[in-house]
1. Restricting to segment 42-60, what's the tally of residues that are assigned to a loop (DSSP other than H, G, I, E, B), surrounded by 10 or more Cβ atoms within 10 Å (Cβ to Cβ) and at negative phi?
2. Condition test on residue 31, is it assigned to a loop (DSSP other than H, G, I, E, B) and under 13 Å from the mean Cα position of the chain (by Cα)?
Amino acid sequence: MANPTSKHTRSRRDKRRANWKISLPSVTLCPECQEPKLPHRVCMSCGMYNGNKILEVVEKETA
């Protein structure tokens, strides 16, 4: 097995590790209510998915 003959510098090591950034999730608008939602998921504000009513959304009462 080959072994490295010299130590890699900290900057060379850190350049390799710099690509592990987290990416923001893509957000789309619901075609029914225009609220932001994650793609391929039921809209939590209106309960629609792919043009079909999936969830009955109950609104909270303010006291």
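Quick note: the coordinates plus some simple rules give every number you see, no bench work behind them. Since the structure is predicted, the reported quantities are computational estimates derived from the model, not experimental observations. All Cβ positions, glycine included, derive from the backbone under ideal geometry; neighbour counts span all protein chains shown.
1. In the first step, residues of segment 42-60 are kept if they are assigned to a loop (DSSP other than H, G, I, E, B); the result is 42-47, 50-51, 54-60.
Now restrict to residues that are surrounded by 10 or more Cβ atoms within 10 Å (Cβ to Cβ): 42-47, 54-55, 57.
Imposing the further condition that a residue be at negative phi reduces the set to 42-46, 54-55, 57.
Adding up the residues that qualify gives 8.
2. No; evaluated as a whole, the condition is false for this residue.
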